[in-house]
Amino acid sequence: EKNRQSIDSYVILSDFMREKFNLFNKPFTIIEGIYNGDKINESVTKEKYKTILYTGKMSKNQGISNLLEAFKKIKSPDYRLWIRGFGTMKNAVLLAAEKDNRIKYIEEMSREDLLKLQKKATVLINPTPSNATDAKYFFPSKTMDYLASGTPTIMCKLECLPKEYHKHIFFIEDETISGIREKLIEVCELPEEKRYDFGASASKFILENKNPTAQVRELINMLNGI
């Protein structure tokens, strides 16, 4: 902490980090992440089934168990759950896929193929609960990837999320298994045009406001003010 007193300014991921760490009243700016501009320009056809996709780390902290249980309660044969990730819940996902052929575990793939996969899905899901450890102090990088894809995003209202993101996300208000199930069905059953418009607006928000130029501008503005 003594060494940190010599720091001129700070870049933090979340406003709540001011509570966690003493910034010694130094200037700071919040840069939750930078989207590198990856974009698939070619047309990608949506899956014919209502396809829910999760990509990322698979552990109990990420709410994978709740996602699997919620999907099990969706009885319609028109739904699919795709999971591409790594972590301690992989075996649980593989076991669930053995019992329910609507569930698919997807092996590691290139960044380009992952972006295409996100575009194919009906919705993207991040089931990390809002009470997750340190939920105030991190920003899940997949949020930017999800929104930039143009596919509607469903997630819990993590406290780390800046309010400007709120209108671009379908939030799970009831974080029980039943509540997750209901939100998945609600968004998947929306008219296709409404889902498209919602996703396109979210993609525009990320590409225009969270690109390297825009985010570094925030840093430069802070430095110019010192």
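The values are calculated or read from the model by the stated rules, or taken from the named source; none is laboratory data. What you are looking at is a predicted structure, and each value in this text was computed from that prediction instead of being measured. Neighbour counts run over all protein chains shown; Cβ positions are idealised from the backbone, glycine included. Areas reflect the complete protein model, heavy atoms only, side chains present, ligands, DNA and RNA absent. Shrake-Rupley method; radii C 1.70, N 1.55, O 1.52, S 1.80 Å.
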Residues of region 176-226 being β-branched (Val, Ile, Thr) and modelled with pLDDT under 95, in sequence order, are THR213, VAL216, ILE220, ILE226
Taking region 150-179 and keeping only residues that are in contact with a helix residue (DSSP H, G or I) (Cβ under 9 Å, 6 or more places away or on another chain), in a helix (DSSP H, G or I) and not small (Gly, Ala, Ser), one is left with GLU164, TYR165, LYS167, HIS168, ILE177
Check GLU182, GLU218 and return the single one that is open to solvent by 10 Å² or more (accessible area, probe 1.4 Å), over 17 Å from ILE12 (Cα atoms), assigned to a helix (DSSP H, G or I) and out of contact with any Phe, Trp or Tyr (no Cβ under 7 Å at 6 or more places or on another chain).
-> GLU182
Do the conditions hold for ARG195, that is, is it charged (D, E, K, R), in contact with a helix residue (DSSP H, G or I) (Cβ under 6 Å, 6 or more places away or on another chain) and surrounded by 15 or more Cβ atoms within 10 Å (Cβ to Cβ)?
-> no
Restricted to region 9-28, and to residues that are polar (S, T, N, Q) and touching a helix residue (DSSP H, G or I) at 6+ places or on another chain (Cβ under 8 Å), which residue is farthest from CYS160 (Cα to Cα)?
-> SER9
Among the candidates LEU161, LEU147, LEU207, single out the residue that is open to solvent by 30 Å² or more (accessible area, probe 1.4 Å), farther than 21 Å from LEU68 by Cα and hydrophobic (A, V, I, L, M, F, W, C).
-> LEU207
State whether one or more residues within region 73-90 are surrounded by fewer than 20 Cβ atoms within 10 Å (Cβ to Cβ), polar (S, T, N, Q) and touching an Asp or Glu at 6+ places or on another chain (Cβ under 8 Å).
-> no
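Taking region 105-134, which residues are aliphatic (A, V, I, L, M), open to solvent by 30 Å² or more (accessible area, probe 1.4 Å) and modelled with pLDDT of 95 or more?
Selection gives nothing.
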Members of region 107-129 found to be touching a strand residue (DSSP E or B) at 6+ places or on another chain (Cβ under 9 Å), under 23 Å from ILE172 (Cβ atoms) and part of a loop (DSSP other than H, G, I, E, B), listed by number = ALA121, THR122, PRO127, THR128
